[in-house]
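Novice: Quick one: structure below, then a few questions.
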Amino acid sequence: MISRVYISHDNHDEELAQEISRALWRVGLESYAVMYKLSPGISRAERVSFGIRNSECLVALLTKNGSASATVCQEIGLARGIDLLIILLLEEDAKLPFLVEHINPISFSRPEISDAIGKLIRTLRDLSSLDWLKVTCPKCGEEMTQYLTPQEDVDEALQKGSCLETICSYCQNRVSLDPRTFAPLPK
């Protein structure tokens, strides 16, 4: 069962890594995405090693920068060395590092990153028992926890091109959610 994910990414892709981290948080998964800024008393190498070794899965964000990043390739190497599950998010026109050429990636282009995040969540959901959804109400700002929408309903919303609906348990505001990332949508 997967409860913790390490997001390997190049420094130039910090914003994308944060977007992925927020989406994983919404479905109850802990992620290590910004390990570099934590615990100044511990070396960066130790923080990375700790993050990877304490995760059940490594998600490699392989943008053009990420694919060429020595850090990302070393993190992938460590994950392979300890036999960790690796899921690849591959930006169009980026190349797969040779250690993971055998893995089918989730391909994406920047404008459609939400589609790739949705496929990532679906993949992790198939490998885990994700039960809870955390949503911050865009109207009152309160964080609410609800049962995660059944995958059949998510698939139906995606097929219809519609959103998921919920109601804030604090202010009773209707909240529309992106069925790919479970992020609240603006009204």
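Novice: Return the whole-Å distance between the Cα centroid of region 1-61 and the Cα centroid of region 93-171.
Specialist: So the separation of the two Cα centres works out to 17 Å.
Novice: Follow-up question, since we're still on this one. For Val59, list long-range residues whose amide hydrogen, built 1.01 Å from N in the peptide plane, is under 5 Å from its own amide hydrogen.
Specialist: HN-HN under 5 Å from Val59: Tyr6, Ile7, Ser8, Ile87.
Novice: What does the charge add up to near Glu75, with Lys and Arg as +1, Asp and Glu as -1, over the other residues with Cβ less than 12 Å from its Cβ?
Specialist: Numbers: positive: Arg44, Arg47, Arg53, Arg80; negative: Asp10.
Computed value for this residue: +3.
Novice: Moving on. Short version: ³J(HN,Hα) in whole Hz for each residue of region 172-187, in order, from phi by Karplus 6.51 cos²θ - 1.76 cosθ + 1.60 (θ = phi - 60°), x for Gly and Pro, what are they?
Specialist: Coupling constants for region 172-187: 6, 6, 6, 10, 8, 10, 5, x, 7, 10, 6, 7, x, 9, x, 6 Hz.
Novice: ³J(HN,Hα) across region 90-101 via Karplus (A = 6.51, B = -1.76, C = 1.60, θ = phi - 60°), whole Hz, x for Gly/Pro?
Specialist: 10, 6, 4, 6, 8, 10, 6, x, 4, 5, 10, 4
Novice: Next question. Fewest to most neighbouring Cβ within 10 Å: what's the order for Phe50, Phe98? Could you put the intermediate results ahead of the total?
Specialist: Working: Phe50 16, Phe98 9.
The most exposed by this proxy come first: Phe98, Phe50.
Novice: For Arg44, Arg110, Arg125, what's the fewest-to-most ordering of other Cβ within 10 Å of each Cβ? Intermediate values should be presented prior to the final figure.
Specialist: Details: Arg44 13, Arg110 10, Arg125 16.
Ascending number of Cβ neighbours within 10 Å: Arg110, Arg44, Arg125.
Novice: Which order results if Tyr6, Tyr147, Tyr170, Tyr32 are arranged by neighbouring Cβ count within 10 Å, fewest first? Present the calculation step by step, with values, prior to reporting the outcome.
Specialist: On the way: Tyr6 26, Tyr147 9, Tyr170 13, Tyr32 21.
Ranked by crowding around the Cβ, least crowded first: Tyr147, Tyr170, Tyr32, Tyr6.
Novice: A follow-up question, please. Count the net charge of all other residues whose Cβ sits under 14 Å from the Cβ of Asp13, scoring Lys and Arg as +1 and Asp and Glu as -1.
Specialist: Details: positive: Lys64, Arg110; negative: Asp10, Glu14, Glu15, Glu19, Glu75, Glu91.
Combined, the nearby Lys, Arg, Asp and Glu give -4.
Novice: Taking Cβ-Cβ under 4.7 Å as the only way to count a partner, pick out the unpartnered cysteines of the chain.
Specialist: When partners are defined as cysteine Cβ atoms under 4.7 Å apart, the chain leaves Cys57, Cys73, Cys163 without one.
Read-outs: derived from the displayed coordinates by stated rules, not from any lab. Bear in mind the structure is a predicted one, so any value in this text is a computation, not a measurement. Note that each Cβ is placed from the backbone with ideal geometry, even for glycine, and that neighbours are counted across all protein chains shown.
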